[in-house]
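Scroll down for the structure; my scribbles are underneath it.
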Amino acid sequence: MSRKLRFIKPSLYPNENAQTLTLERIKNNYQNGVTTNLIPDTNILIAMEKCADMKVNNDQDRMRILKEHDLKELFDFFRANPFPNIAWCPFFSLSEMPGKDANCSYKKLKLFDQKFKFECAYEEDNINDDTFDKQETLKLIDNFTQGQKLTSYTSYCSLLLIQIIEKNLNMSTFDIKINRYLDIVISELDLVSSKELFIACIVFYSSSLKQNNGSYKELIKDIRNNFYSEKKTKSFKKLSPLDKMKSIASNGSFDLALINICNVGDFTGLDNEKLDNWIVSFDNKLFNLVKHFPNAKNEKGESSFIYYNNLLEIMPEHKDRLLTIMSLLENRKNKTHKLEKLQNEPLNIYMKEIELIIDKFHKMAMYGI
């Protein structure tokens, strides 16, 4: 069964209901000095690796192999595009892999470029044979780079906390769980992120349901599978209970970091370059999830209310509690003094404090709350 190629737009504006990348959009970007930035998901890179392993004698072989691995649509799109303002940026997805796998993937992707004439400039994306740690076989928060920890530690700790609360307060009500979540993220992280709060509400709410909730059944399932549930792979099953929790939180934090990076790039650019960021993926789950993680502000200029409205549709019986949470978030605006003070410290002190925060959450995972 073939997979559908998705161009996923993380930062939709209020009037953008569809996630559609067209040649006309690339043309408009070109005319306005905007680079169309394509970030391939890991599943795209894996498909390219498989193609690289196959024997290619002629153009017919190329097209057949690309079609077999669901990449023909991507190639057709690139070949139809006459504009030079399009960039292919695999670095993020490679950095999500363990270093040993990333280095192997990089070599196969270079081979793929040669065999299929993809002509992807990896050196321009700061990738070479020495980029990745060839001894690294497991990607957990412990071996994140300094930059990865800086951008991901609040998401990582928040997602780990969701698992900790479900483990320790499994029989408790939604209100008790969400109250505990808010108490800890405020006291330890000094930050309540709307995305992570949305995920926490969905997980805590769905664990109290005998059946998934009507038209939101797939959304609830996707969020639990992506940010909470254990994986079914053999390598995952071999991990210790703590490493399983760390793996789930690490993978989830990478997904949120990718969405955040795309959002920031769209709204602020990079090195004075205007960007239109898109994730390229076969992951229908990610395509659907992004629609529920709005970055754009509503007509009142308040993005958090979009999350509130989404949650209210899913769990109307918790309207009063959700209103209380919204009031809390509004009252906390511009009051993250502890976090701001930490961010103004020299980098070595900031990183040391981040390590201490992460360690504190690991102890909660081991010993409970």
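The values are calculated or read from the model by the stated rules, or taken from the named source; none is laboratory data. It should be emphasised that the depicted structure is a prediction, and the values quoted were computed from it without experimental measurement. So basically every Cβ, Gly included, is an ideal-geometry build from the backbone, and we count neighbours across all protein chains shown. When the accessible area is computed, the model is the full protein with side chains, heavy atoms only, and any ligands, DNA or RNA have been set aside. Shrake-Rupley method; radii C 1.70, N 1.55, O 1.52, S 1.80 Å.
Odds and ends about this structure:
- When the chain is treated as a GNM with alpha-carbon contacts under 10 Å, the residue of 237, 291, 110 showing the greatest mean-square fluctuation is 237.
- Length gained when the stretch residue 100-residue 272 is fully extended (0.36 nm per residue, less Cα-Cα span): 58.6 nm
- Between 138, 356, 289, the GNM of the chain built on Cα springs shorter than 10 angstrom shows 356 fluctuating the most.
- Exposed loop sites were defined as GluC sites (Glu not before Pro) in DSSP loop states (anything but H, G, I, E or B) carrying at most 10 other C-beta atoms within 10 Å; in the chain the longest segment without such a site runs 120-298.
- Among 98, 40, 84, the residue with the largest mean-square fluctuation in a Gaussian network model of the chain, with springs joining Cα atoms closer than 10 Å, is 84.
- For the range 131-139, the Karplus equation 6.51 cos²θ - 1.76 cosθ + 1.60, evaluated at θ = phi - 60°, returns couplings of 5, 10, 6, 6, 8, 7, 10, 9, 9 Hz by residue, with Gly and Pro reported as x.
- Applying the criteria of a DSSP loop state and at most 15 other Cβ atoms within 10 Å to the trypsin sites (Lys or Arg not before Pro) of the range 17-64 yields 55.
- Calculated FRET value between residue 209 and residue 237, using beta carbons and R₀ = 25 Å, to 0.05: 0.40
- Scanning residues 5 or more positions from residue 87 or on other chains, those with amide H under 5 Å from its amide H are 36, 37, 38, with H placed 1.01 Å from N in the peptide plane.
- Here the Karplus relation 6.51 cos²θ - 1.76 cosθ + 1.60, evaluated at θ = phi - 60°, turns the backbone of the range 45-51 into coupling constants of 5, 5, 4, 5, 4, 5, 5 Hz, with x for every Gly and Pro.
- Beyond 32 Å in Cα-Cα separation lie the following of the pairs 117/237; 107/274; 231/291; 107/232; 195/244: 117/237.
- Cross-link partners of residue 115 among aspartates and glutamates (Cα-Cα below 17 Å; sequence separation of 8 or more within a chain): 49, 53, 59, 61, 68, 70, 76
- Carbon and sulfur %, accessible surface of the chain computed with the full protein complex present, 1.4 Å: 49
- Spatial separation of Cα centroids for the range 35-58 and the range 230-266, in angstrom: 22
- Taking every alpha-carbon pair under 8 Å whose residues sit at least 6 apart, the chain reaches a relative contact order of 28 percent.
- Gyration tensor (alpha-carbon) shape descriptor, the range 30-96, a/c threshold 1.5: oblate
- Degrees separating the helix 99-116 axis from the principal Cα axis of the chain, which is the longest one: 30
- At q = 0.13, 0.21, 0.24, 0.33 Å⁻¹ the log10 of I(q)/I(0) for the range 207-251 amounts to -0.36, -0.74, -0.84, -1.16, computed by Debye summation with a single uniform scatterer per C-alpha, solvent ignored.
- Principal-axis analysis of the Cα atoms of the chain puts helix 174-184 at an angle of about 80° to the longest axis.
- Assigned charges on the beta-carbon of Lys, Arg, Asp, Glu; the range 1-107 dipole about Cα centre (debye): 120
- Accessible area expressed per residue, the chain, with surrounding protein chains retained (probe 1.4 Å, Å²): 51
- In a simple Cβ point-charge model (Lys, Arg +1; Asp, Glu -1; nothing else charged), the chain has a dipole of about 1120 debye relative to its Cα centre.
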